[in-house]
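The values are calculated or read from the model by the stated rules, or taken from the named source; none is laboratory data. Here the structure is a predicted model, which is why all the values come from computation and not from measurement. With ideal geometry, Cβ positions are generated from the backbone for all residues, glycine too; neighbour counts draw on all protein chains shown. Each accessible area value is taken on the protein alone, full model and side chains, heavy atoms only, with ligands, DNA and RNA left out. Shrake-Rupley method; radii C 1.70, N 1.55, O 1.52, S 1.80 Å.
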Amino acid sequence: MAPFNQSQAPHHVYPNSAGTFPNARDFVTNHALFLSSSAASDHFMEKFAEYIIRGAELDSSARDPPSRYLPGTRILYILKRIEFWHVSTSRTEKILWLVDPAGVGKSAIKQTVAVDECNSSLLAALFFSAPSGRNNPRRVMATLVYQLAAK
């Protein structure tokens with residue numbers, strides 16, 4: 001198979017300008033969000049905020065009071081398992097996926113881990129909530145990147 005030639009692509013795929021990725025070759029972005037900004041732009045973060053899931057961050061007032069677990073529940077056992085996973089040097093999984101039916105305490109667990117266990121090292125967090133409208137998967141990356149940029 002012959003290598004891909006940039007001249008074979010439509011002009012809108014590889015425009016002849018300096019652009020965001022001036023020397024990039026042989027990659028594709030799907031559903032990407034690109035915001036142009038100059039050093040003089042004071043409104044970049046305001047514009048960027050239009051693309052995030054509002055109220056999904058750790059310290060959002062939209063989630064006040066934050067979910068907390070009740071002492072004596074099975075959540076303590078789950079928190080211990082999460083802590084073990086977090087500190088384990090032999091783990092093979094890079095992501096811990098917490099799945100359970102609605103109303104059993106996932107948000108309380110995440111809130112507890114994020115605040116009590118990881119708060120000093122946590123760079124970004126995302127709390128989905130379908131009833132509150134904080135559930136748009138297309139805004140996940142923008143939301144996390146926004147939090148990183150704000151820090």
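Given the criterion at pLDDT below 75 and either surrounded by 10 or more Cβ atoms within 10 Å (Cβ to Cβ) or of a type outside the set (D, E, K, R) (or both), identify the matching residue among Y51, Y77, Y69. Exactly one residue qualifies, and that residue is Y69.
Give the number of residues within the range 82-138 that are surrounded by 12 or more Cβ atoms within 10 Å (Cβ to Cβ), under 22 Å from R54 (Cβ atoms) and among the hydrophobic types (A, V, I, L, M, F, W, C).
9
Does R63 fit the bill of being at pLDDT below 80, open to solvent by less than 40 Å² (accessible area, probe 1.4 Å) and charged (D, E, K, R)? Considered against the rule, which asks whether it is at pLDDT below 80, open to solvent by less than 40 Å² (accessible area, probe 1.4 Å) and charged (D, E, K, R), R63 comes out as yes. The single residue among N30, N23 that is at pLDDT 75 or above, open to solvent by 100 Å² or more (accessible area, probe 1.4 Å), over 18 Å from T112 (Cβ atoms) and more than 24 Å from the chain's Cα centre (by Cα) turns out to be N23. Selection over the range 123-140 of residues that are under 18 Å from G105 (Cβ atoms) and part of a helix (DSSP H, G or I) gives a count of 0.
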